[in-house]
Amino acid sequence: MRNQTNEKEMTFIESHIPELAEVAFKQAFWQTLADGVSVMIAENNQLVELFPDGTKKVIKDLSQSGFVLNQKIAMPS
């Protein structure tokens, strides 16, 4: 019976991996900015460096890069 419980527990934990990953990403994103370090984001088909003070610097236009973004990823809030 213990193996069955372990399987249920594992299934439950695995079902929450995307949720946990999203929380970890948001925390790392904001912690990086709080530490005074810039982060790179994709915005409007451009690679953008976002600075801790909120300013942005376009690094590269991605519209002709051949990369296709299949999913819109919202900026952490």
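Each value in this text was obtained by applying a stated rule to the coordinates, not by laboratory testing. Quick caveat, the model's predicted, so the values are computed rather than measured. In this analysis, Cβ positions are derived from the backbone assuming ideal geometry, glycine residues included, and neighbour counts consider all displayed protein chains.
Remark: ILE41, ILE59 ranked as ILE59, ILE41, counting other beta-carbon atoms within 10 Å and listing the fewest first. Here VAL39, VAL58 are placed in order of increasing Cβ neighbour count within 10 Å, fewest first, which gives VAL58, VAL39. Dimensions of region 2-61 from C-alpha coordinates, computed as largest minus smallest value along each principal axis and given longest first, are 55, 26, 10 Å. With contacts taken as Cα pairs under 8 Å and at least 6 residues apart, region 2-61 reaches a relative contact order of 18 percent.
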